[in-house]
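Student: There's a structure below that I have some questions on.
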Amino acid sequence: MSLRRLEVRDFRCIASTDLEFGGRCNLISGANASGKTSLLEAIFFLGRGRSFRTARNETLIRKGAEELLLTGRFDAGGSVRPVGVRYSREGFEARAAGNRVGSLAELATILPVQAIDPEVHRLVEEGPQERRRYLDWGVFHVEPRFVEQWRRYQRALKQRNAALRAEAPERVVRAWDPELLESGHSLATSRREYFAKLQPHVAAVGQRLLGTTIELALSDGWAAGTELRNAVEHSWPRDRERRTTHAGPHRADLSIRVAGDLAKHRVSRGQQKLTASAMLLGQLMCDDALGSPTAALLVDDPAAELDAANLERLIAVVLDLPGQLFVTALDPDMAAFQRLPVTRRFHVEHGKITPLL
């Protein structure tokens, strides 16, 4: 599945554009702050309903405009499928082939999309929420039941925490425990099964990018070797005291070690970028091997904080992926970018996008 056409209106600095993309590699060049990243962000927003740069969707609307509108046409096995998203301060709306898209999860099945951007090191450096999101994105694309498991767990957790904050009687709070335990067990099981398949791919890509091992370890969100039921029971006094649920998949995390050391403690930002990139690229290779629809990959300014040799290695791994690529470059004449099998090329200046090839 690939994005063949994109119409953008009032997104970031892009007032209006209508572009046709190549099915393999699209190279986008331009100066800093010209709008290259905004174009990738628009593609990501079309596939995910959110930005990879900010959680505040209202900042995506061009200054002076009331709403943003993105319309795409996808090549899905020879047939063309139109998809559009609209966002205003009143809310978000998405449609596919004229029908309303009911959720962001449904939208993500239309155009699976992943991004490697200059802030990708956050996957290593920041808190567990980023790593849970990374893991769950992969599970979602290979396990059809996962979305419902996740929703059930989040609903039970929200209700249980609300009762804790309200200092409701124990029987009222713990009335949510059966649903929390059942959905939480299913959620954790799906994560573990996927994680076992993911690790070898991340290790292989890590060896290519870093020349050493990347070791991932999954914590379910409660003490290892303990059943979730027992963990929830044991944490009850603390839950009641602090008015929140402490044990469960919402506390899951991945630890990341490079050559035996915790990756977040490595000094080099470039090493962290390569580690996070290895995780994302390994995930795309894993999902492809498991038969998931091939995701489009957005690679924003890959030369940032990487020397020529590391950039070459990153591009070499990216080229092993079978899907559609969108790559931005400050200097498209760098040797590493000459290796890209470019089918369409664009230049961006002050939010105006000009096809060159």
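Student: Find the residue count for the range 219-269, including only residues that are touching an Asp or Glu at 6+ places or on another chain (Cβ under 7 Å) and over 21 Å from residue 152 (Cα atoms). Break it down stepwise before answering.
Tutor: From the range 219-269, those touching an Asp or Glu at 6+ places or on another chain (Cβ under 7 Å) are 219, 232, 245-246, 249, 252, 257, 264, 269; that's our starting set.
Restricting the remaining residues to those that are over 21 Å from residue 152 (Cα atoms) gives 257, 264, 269.
The total comes to 3.
Student: Can you pull out the helices (runs of 4 or more DSSP H) entirely within the range 121-233 that have at least 3 residues that are out of contact with any Leu (no Cβ under 6 Å at 6 or more places or on another chain) and either basic (Lys, Arg) or under 24 Å from residue 283 (Cβ atoms) (or both)? First the steps, then the outcome.
Tutor: Numbers: elements: 122-125, 128-142, 146-165, 170-173, 177-210.
Once the helices (runs of 4 or more DSSP H) in the range 121-233 are filtered for at least 3 residues that are out of contact with any Leu (no Cβ under 6 Å at 6 or more places or on another chain) and either basic (Lys, Arg) or under 24 Å from residue 283 (Cβ atoms) (or both), what remains is 122-125, 128-142, 146-165, 177-210.
Student: State yes or no: is residue 92 surrounded by 14 or more Cβ atoms within 10 Å (Cβ to Cβ), touching a Gly at 6+ places or on another chain (Cβ under 7 Å) and in contact (Cβ under 8 Å) with a residue 40 or more places away in the chain?
Tutor: Yes, satisfied.
Student: Shifting gears a bit: Got a number for residues in the range 126-149 being hydrophobic (A, V, I, L, M, F, W, C) and in contact with a Cys (Cβ under 9 Å, 6 or more places away or on another chain)?
Tutor: Here is the first cut: in the range 126-149, the ones hydrophobic (A, V, I, L, M, F, W, C) are 135, 137, 139-140, 142, 146-147.
Adding the requirement that they be in contact with a Cys (Cβ under 9 Å, 6 or more places away or on another chain) leaves 142.
The total comes to 1.
Yes/no matrix, rows are residues, columns are (1) of a type in the set (Asp, Glu); (2) within 19 Å of residue 116 (Cα to Cα); (3) touching a Gly at 6+ places or on another chain (Cβ under 9 Å); (4) part of a strand (DSSP E or B):
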{"residue": "33", "(1), (2), (3), (4)": "no, yes, no, no"}
{"residue": "37", "(1), (2), (3), (4)": "no, yes, no, no"}
{"residue": "43", "(1), (2), (3), (4)": "no, yes, yes, no"}
{"residue": "47", "(1), (2), (3), (4)": "no, yes, yes, no"}
{"residue": "52", "(1), (2), (3), (4)": "no, yes, no, no"}
{"residue": "58", "(1), (2), (3), (4)": "yes, no, no, no"}
{"residue": "65", "(1), (2), (3), (4)": "no, no, no, no"}
{"residue": "74", "(1), (2), (3), (4)": "no, no, no, yes"}
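Student: Could you check, for the range 271-281, whether at least one of its residues is within 30 Å of residue 168 (Cα to Cα), more than 18 Å from the chain's Cα centre (by Cα) and part of a helix (DSSP H, G or I)? Break it down into steps so the answer makes sense when it comes.
Tutor: Quick first cut of the range 271-281, residues within 30 Å of residue 168 (Cα to Cα) only: none.
Checking the range 271-281: not a single residue is within 30 Å of residue 168 (Cα to Cα), more than 18 Å from the chain's Cα centre (by Cα) and part of a helix (DSSP H, G or I).
Student: If you don't mind, there's one more thing I want to ask. Considering 231, 168, which residue is among the aliphatic types (A, V, I, L, M), free of Cβ contacts under 8 Å to residues at least 12 places away in the same chain and surrounded by 14 or more Cβ atoms within 10 Å (Cβ to Cβ)? Steps first, answer last, please.
Tutor: Numbers: 231 fails: free of Cβ contacts under 8 Å to residues at least 12 places away in the same chain.
Only one candidate passes the filter, namely 168.
Student: Moving to a separate point now. Which of the residues that make up the range 117-160 are of a type in the set (Lys, Arg) and either in contact with a Phe, Trp or Tyr (Cβ under 8 Å, 6 or more places away or on another chain) or under 25 Å from residue 245 (Cα atoms) (or both)?
Tutor: Pass one, the range 117-160, residues of a type in the set (Lys, Arg): 122, 131-133, 145, 151-152, 155, 158, 160.
Those that are of a type in the set (Lys, Arg) and either in contact with a Phe, Trp or Tyr (Cβ under 8 Å, 6 or more places away or on another chain) or under 25 Å from residue 245 (Cα atoms) (or both): 131, 132, 133, 145, 151, 152, 155, 158, 160.
Any read-out appearing in this document is the output of simple, stated calculations on the displayed coordinates, not a laboratory observation. These numbers come from a predicted model, not from an experiment. With ideal geometry, Cβ positions are generated from the backbone for all residues, glycine too; neighbour counts draw on all protein chains shown.
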